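All remarks here apply to the structure that follows.
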Amino acid sequence: MSTTFSKEEKAAMRAAAAEAKAAKEGADLEAACLTAIAAMSGTDQELAETLHGLVAKHTTLAAKTWYGMPAYTNGDGKVIVFFQSAAKFKARYATIGFQQDANLDDGNFWPSSFAVTQLNAADQKRLVALLEKAVG
């Protein structure tokens, strides 16, 4: 097992440090999120825009970036849900992930991230239900 970080992982760590500094300096975190989405292309951008719109419409989560990715936090500043583009780590699909503060617990075993290649109406409905449960 390699103990070195990939170029993408190093970039994500630099982004996290810059985000922490920006937050301390009172930067517009939602603008940073929108800038991160605008920097994406194709399907990644469409998916991130859709997630952003659903989060804004159906939750009270606040937008920011997290390791350079669009992310959404609760009132305590804890990341609840994030978007990872396929291009960021050269993956074949984007990921919508939920962090440990999301209220998605369901017995002893539940998903915390989802591979996503598109978000049709049925997918969006399912995602809204997950978002509402996550913040509920």
Of (1) more than 17 Å from Met69 (Cα to Cα); (2) at pLDDT 95 or above, Thr95 fails just (1)
Helices (runs of 4 or more DSSP H) completely within the range 1-64 that count 2 or more residues being more than 16 Å from Val81 (Cβ to Cβ), in contact with a Leu (Cβ under 8 Å, 6 or more places away or on another chain) and aliphatic (A, V, I, L, M): 7-24
Residue hits (the range 75-92; in a strand (DSSP E or B) and either in contact with an Asp or Glu (Cβ under 7 Å, 6 or more places away or on another chain) or at positive phi (or both)) are Ile80
What pairs can you find where one residue is in the range 105-126 and over 17 Å from Gln84 (Cα atoms), the other is surrounded by 10 or more Cβ atoms within 10 Å (Cβ to Cβ) and at pLDDT 95 or above, and their Cβ atoms are less than 6 Å apart, with a gap of 6+ or different chains? Trp110/Leu104
Residue among Thr65, Thr59 that alone is hydroxyl-bearing (Ser, Thr, Tyr) and surrounded by fewer than 20 Cβ atoms within 10 Å (Cβ to Cβ): Thr59
Which residue is surrounded by the fewest Cβ atoms within 10 Å (Cβ to Cβ), if the candidates are limited to the range 71-92 and must be in contact with a Lys or Arg (Cβ under 8 Å, 6 or more places away or on another chain) and within 19 Å of Gln124 (Cα to Cα)? Ala86
Filtering the range 93-136 down to residues that are small (Gly, Ala, Ser), surrounded by 14 or more Cβ atoms within 10 Å (Cβ to Cβ) and not in a loop (DSSP other than H, G, I, E, B) yields Ala94, Gly97, Ala134
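The values are calculated or read from the model by the stated rules, or taken from the named source; none is laboratory data. Since the structure is predicted, the reported quantities are computational estimates derived from the model, not experimental observations. Don't worry about glycine lacking a Cβ; one is built from the backbone with ideal geometry, like all the others, and counts go over all protein chains shown.
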